[in-house]
Every structure is written in structure tokens, then in C-alpha cells.
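The values are calculated or read from the model by the stated rules, or taken from the named source; none is laboratory data. Every value quoted in this text rests on a predicted model; they were computed, and no experiment measured them. Glycine gets a Cβ as well: all are built from the backbone with ideal geometry, and neighbour counts include every protein chain shown.
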Amino acid sequence: MQLDGQVAIVTGGASGLGQGTVEEFASAGAKVAIFDIQEDKGQAVAEKVGGVFCQCDVTSEESVVAAIAKTKEELGVARILINCAGTGIAIKTTSRGEPHPLDAFQRIININLIGSFNCLRLAATDMVDLEPLEYGERGVVINTASVAAYDGQVGQAAYSASKGGIVGMTLPIARDLSDKGIRVCTIAPGIFETPLLGTLPDDVRASLAAAVPFPKKLGQPDEYARLSRQIVENVMLNGETIRLDGAIRMAPR
């Protein structure tokens, strides 16, 4: 599927990997809807690329339904969904006599895993009614996992579980949607330049970059975005999770 003229939804599109993807897709001629809770940043990105901003809480069915309806009204039905919305915490399973707060664990699962599935199930239901393109293709969904799905570090129980769930659902959902002409893939980034990493001291950032076998640098949003574009454009990519990590394998700490 070529991006030119297609409607794409990018969740978490107001910053980080999502913003990089919005800019890459818009530069290729896609009409992009930015789903995010950050209104000021989301509006700014939408104005920059000529897209549409939809304030959206991915964990809420009502919110996502409303955002999809706004997208359809202003741009048309999306053939592409990129799930970038997510967050993380660092809390040990038990520490200093206190158990991991259950609500904190549930919040991460709810945003990262359930939020991704919520957007996917709703967007895919609309894609089914689209006219098929070459090879019968109707849509493409790309989810965002993390190398933490495989190499979770100390304190990453919730985050790793949420990202492992995304990896685990990729193939069965691709199989669910195969007869409808909708492809599903997942990208598992390594250590990438994101707003969260931007808060770290320079020496810590340099240490993280040095841990990458090659290239010894932090990943950039445009590198994630270019892989997303390749997945959309290459019809044979389906049901796969791709590590985008410079060959890093995370140590326990």
C-alpha cells in the first residue's frame, strides 16, 4: 500500500515515536489523524503537517469511537493505524516490605496493551468495509511493543507484561484479519530518543547509547517512522514483530 492519499491514524502522535511517524507519513502524502491526550502539542503537530487532531484517551471506548468519527468526517476512513500511545513505570514486585501497587500495574496494562487493542479493534472494523486494493488489501495496523517484551529489566514487570502482550497478540490478530485483507505487524524498539529519555542527564544518555552494539547511539523517531512506512508499503510483512534495536539485549539493570 502506498501512503499517498491514504488516511492514517497515529495514536500518541503528539510527541516521540508517534510524532516522527506523523511527519514521515504526511511527507509521503498521507492524510494523518493524531490521537493524543496532549491537546496543545497535538494541535501543533496537526497544524504543522496539515492533519487533524483528535483529543483521545485510548483506554476509553467512547473516546476512541468519537475520535474515529471525527477522522471519518474530516479525512475519510483510515486504512492505516499506528499504535504509538503508551507509558511506563519502574517499580519492583516487592520492595522495602511493600508490594507493587496493583493499580499502578493495571494502569500500565490498560494504557499500553488494552489501549492498543481498543484502537485496533475499532479501526479494523471500519477497514473491513473499504474497497480492496491490490492483492485484496484493505488496511494495515502497526503496534508498538519494546525490547522489554523480551529483556525486561528490574522494575519493569508492568511495562514488560504490557509489551509482551502486544507481541503475543500480533500473530493471532493478523490471522483473525487475514481473510479481510488487513495486515498486522509490531515494532519492538530498543533505546529510542523519546520525551522520557530527554529528561535524563547527558551522562546517562551517553551510557545508554554506548550499550547499543551498533550503531552506538540512541534510536531516533524518524528511524521508527521509516520502518513503519516500509511495513505499510511492503505487502508481505504480516504477523511479524520486528526488533528495531541495534542488536541490544538489555541487562538486568
Q: Tell me, please, whether a residue that is closer than 28 Å to residue 3 by Cβ and part of a helix (DSSP H, G or I) can be found in region 149-160.
A: yes
Q) Taking region 188-204, which residues are surrounded by 11 or more Cβ atoms within 10 Å (Cβ to Cβ) and in a loop (DSSP other than H, G, I, E, B)? A) 190, 191, 193, 194, 195, 196, 200
Q: Please verify whether region 85-103 includes one or more residues that are buried (at least 24 other Cβ atoms within 10 Å of the Cβ) and either under 24 Å from residue 22 (Cβ atoms) or of a type in the set (Gly, Ala, Ser) (or both).
A: yes
Q.
Which residue is farthest from residue 122 (Cα to Cα), if the candidates are limited to region 33-51 and must be surrounded by 21 or more Cβ atoms within 10 Å (Cβ to Cβ) and free of Cβ contacts under 8 Å to residues at least 40 places away in the same chain?
A. 45
Q) (1) without any contact (Cβ under 8 Å) to a residue 40 or more places away in the chain; (2) touching a strand residue (DSSP E or B) at 6+ places or on another chain (Cβ under 9 Å): which one isn't true of residue 101, the others all being true? A) (2)
Q | Criterion (of a type in the set (A, V, I, L, M, F, W, C) and under 25 Å from residue 68 (Cα atoms)) met by exactly one of 167, 147 | A | 167
Q. Is it fair to say residue 86 is touching a residue at least 12 places away in the same chain (Cβ under 8 Å), closer than 16 Å to residue 222 by Cβ and within 15 Å of the chain's Cα centre (by Cα)?
A. no
Q: Within region 41-78, work out how many residues are of a type in the set (Asp, Glu) and in a loop (DSSP other than H, G, I, E, B).
A: 1
Q | Where residue 148 falls short, out of the listed (1) surrounded by fewer than 17 Cβ atoms within 10 Å (Cβ to Cβ); (2) among the aliphatic types (A, V, I, L, M); (3) touching a Lys or Arg at 6+ places or on another chain (Cβ under 8 Å) | A | (1)
Q: Answer yes if at least one residue in region 205-222 is touching a helix residue (DSSP H, G or I) at 6+ places or on another chain (Cβ under 6 Å), part of a loop (DSSP other than H, G, I, E, B), modelled with pLDDT of 95 or more and closer than 30 Å to residue 1 by Cα, and no otherwise.
A: no
Q.
Could you check region 1-28 and list, in sequence order, the residues that are assigned to a loop (DSSP other than H, G, I, E, B) and either in contact (Cβ under 8 Å) with a residue 40 or more places away in the chain or within 14 Å of the chain's Cα centre (by Cα) (or both)?
A. 1, 2, 3, 6, 12, 13, 14, 15, 28
Q. Which one is surrounded by the fewest Cβ atoms within 10 Å (Cβ to Cβ), of the residues in region 223-248 that are without any contact (Cβ under 8 Å) to a residue 24 or more places away in the chain and part of a loop (DSSP other than H, G, I, E, B)?
A. 236
